[in-house]
């Protein structure tokens, strides 16, 4: 039992930290998220060049030979800089689906392109009425000759405006919430019948509503077994949860440091407000919330290899706890900054927004507490 | 980074588990309040461990430590919690012992350490005073040098289980003129049978006698009982408090308590179904389990740091704050779980210390007294507010 990082992991951290520090200042980020495209393909290319996009894949799959801990290291650093580029959608989610479920042919074509950055994927799993239920699928894929025809509407697909390809979950059989009948498809975003409505998210990223109208895909678009992919989707969702938890920790660390720093500068009643015990204790609480979050982030990262029920339980524990901590830290950071904290011009408000929205991705604290209750009962 | 125990650590777990199964005295109460137990009951497991050489695992090996790694000590705590073991009390093993082997002279080590290891000598802690709680350095008990002795006068309070104590370690003011209050304090060992010491029990919120006032009137103590240098006692006192904090998370014990609580929630009925199936209650249990998991990993991170040679730093304040919060929530939820049968005062039953006479289920008997009693946890050992001050100063650098 130890919590040390390997030399390679530390190298990844240092490399990425430098890149984010140099290429992702608050001012640069501000310009990027206000720009038309909302991201920087050239930054993505740099990530590819530095091996960041390949880090969590085995050497066999064309990667660096890493795994969940490498993803943790990367996400902490991306979280510190509020990086908007789609590491979770493309590398963790699409990469995860292909890594665990893809055929050799699919890996050769798509995984290699994810790793070299030439293809960017988004993960179209959520639906307007489905909330956080991965099995809630009104999107249908009907067998059609050798292939399938997709119809449906996918909600808030993060990174879709930047994507060339989509991983799409769709129902090949059964009723809307059935666990059987869930299938996964690789779909080129320019396929005929796909239309999107693109928009910005409140935390500085871009997303789309994606509509499928008689979209024809070949049989080779199916990943894994027809109708039997809920397990695969849940596994990748838990991996995305682990990545989000690490990202949250990175963001919390910076938010806390900024808050402490601000209280040393800001004077009221003739003294720096850091002298006030009521604020000191609040910041001590923020520190403790951060440390507990780091612990939960480590826990889920190290438990991703457990059997599904165990893994899900740990994922829920971590996501719930970090959702609560992110809320606490974000709200109290803004409160400590005072009026300036609720303006767009200071970084802290952007950290607050990202920490808040992390809770709303792949299930919030309430959702995961409920899932933990259900999983605890099954175990008993 | 990994959470696996090594084969050696697993073998160690098997070894200590087997030893506990074979040697733990099964006639000891499984749980209970402090005055449920006699002095002999408190010391029974301690004495067995003393003979085995396992009563002071964290001590340096030259003073009788086991040489276990922090991880092995963690496993040891876990295995003892499995049987709800009545562990050696902290006052000797965790507090004065480390002060003596770190700052004491050879005579003091030879005289006192063996009795702490064996469990023959019971120690109590003379720190707090009626006017010196969180502001401990404002303490007023005096020690005045008189030839080869010190003469002690003053009043200590909240002295846990002093009614059984053979010896006490006292913080006394030896230089009332020092510039800062911290500078004039000395750390003195006192034989509790010395004339002039009076131990008066304090009845606590749960009706039990766990703490005392200790009155000192012209108590003559040999000067050789001074630890380290005169007026340097505050340094030793702070060292001791840091030691006290590192074990205070109580993760293993809280895990066991959570299992107990889940069993109670299975047994209690609500609207015709087990309480554990009530979503509102189940959610509270889940939240506790989650917070406990976070605390456990935080403790393991601290242990791993220790193993790598980093001493438990001010971060251990987190363990104190979060650990005691969880202990308190466990007692609070237990009161909620037992419902109306939390009301009967077990001290009023005939033969009041036996559970057999409880009007309700056995598990309900101590629920409320425990809850009331455990409000102490966020107050003792440096209150949780003081812990936040420590974090502010030592970690956040404010």
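What follows draws every value from the coordinates through simple rules; no lab data is involved. This structure is a prediction, so every number in the text was calculated from the model and none was measured. Every residue, glycine among them, receives a Cβ derived from its backbone with ideal geometry; neighbour counts consider all protein chains shown.
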- Angle, helix A:68-80 long axis vs. longest principal axis of chain A, Cα atoms, 0 to 90°, nearest 10? 50
- Query: Among rounded, prolate and oblate, which fits the stretch A:231-379 when a ≥ b ≥ c are the square roots of the eigenvalues of its C-alpha gyration tensor, a/c under 1.5 means rounded, and a/b larger than b/c means prolate?
  - Reply: prolate
- Note on the structure: Here FRET efficiency (C-beta to C-beta, residue A:17 to residue B:17, R₀ 41 Å, nearest 0.05) is 0.40
- Fluctuation leader among B:273, B:58, B:257 - chain B, Gaussian network, Cα springs under 10 angstrom: B:273
- Hey, got the average number of other protein chain Cβ atoms within 10 angstrom for residues in B:381-394? 3
- Item | Fluctuation leader among A:182, A:83, A:215 - chain A, Gaussian network, Cα springs under 10 angstrom | A:215
- Mean projected area, convex hull of alpha-carbon positions in chain A, reported to one decimal in nm², is 19.4
- Task: Once you have the Cα-Cα distance between residue A:10 and residue A:30, take 0.36 nm times their residue separation minus that, and quote the gain in nm to one decimal.
- Result: 4.4 nm
- Message: Just to verify a number: FRET efficiency for residue A:48 and residue B:105, C-beta to C-beta distance, R0 = 41 Å, to 0.05?
- Response: 0.05
- Per DSSP H run of at least 4 residues, take -39500 (n - 2.57); add these up for chain A, divide by its residues and hand me the 222 nm value, nearest 500 deg cm²/dmol. -16000 deg cm²/dmol
- Item | Label-to-label distance, nm, for residues given as residue B:27 and residue B:340 (7 Å Cα→Cβ offset) | 3.9
- Note on the structure: The simple spin-label model distance between residue B:278 and residue A:225, using points 7 Å out along Cα→Cβ, in nm, is 4.2
- Report, in deg cm²/dmol and to the nearest 500, the calculated mean residue ellipticity at 222 nm for chain B, where each DSSP H run with n ≥ 4 adds -39500 (n - 2.57) and the sum is divided by the residue count. -13000 deg cm²/dmol
- Note on the structure: Expected unfolding gain across residue B:308-residue B:61 under the 0.36 nm per residue rule, minus the alpha-carbon gap, is 87.1 nm
- Message: Rounded, prolate or oblate for the stretch A:4-132? Axes are the square roots of the Cα gyration tensor eigenvalues, ordered a ≥ b ≥ c, and the cut-off for rounded is a/c under 1.5.
- Response: oblate
- Message: If the elastic network links every pair of Cα atoms under 10 Å, which of A:77, A:192, A:289 fluctuates the most in the Gaussian network model of chain A?
- Response: A:192
- Message: Kirkwood Rh over alpha-carbon pairs of the stretch B:217-374, then Stokes-Einstein at 25 °C and 0.890 mPa s: what D in µm² s⁻¹, rounded to an integer?
- Response: 131
- Summarise the partner chain shielding of B:296-306 as one whole number: the mean count of Cβ atoms from other chains within 10 Å of each residue's Cβ. 4
- Item | Two-site label geometry, residue A:214 and residue B:239: point separation in nm, points 7 Å out along Cα→Cβ | 8.5
- Expressed as an acute angle from 0 to 90° and rounded to the nearest 10, what is the orientation of the C-alpha long axis of helix B:7-23 relative to the principal long axis of chain B? 90
- Message: With the cut-off at 1.5 for a/c, could you classify chain B from its C-alpha gyration tensor as rounded, prolate or oblate?
- Response: prolate
- With everything on Cα atoms, drop me the angle between helix B:251-267 and the longest principal axis of chain B, reported from 0 to 90° to the nearest 10. 30
- Shielding by partners - mean other protein chain Cβ count within 10 Å, residues of B:176-183: 0
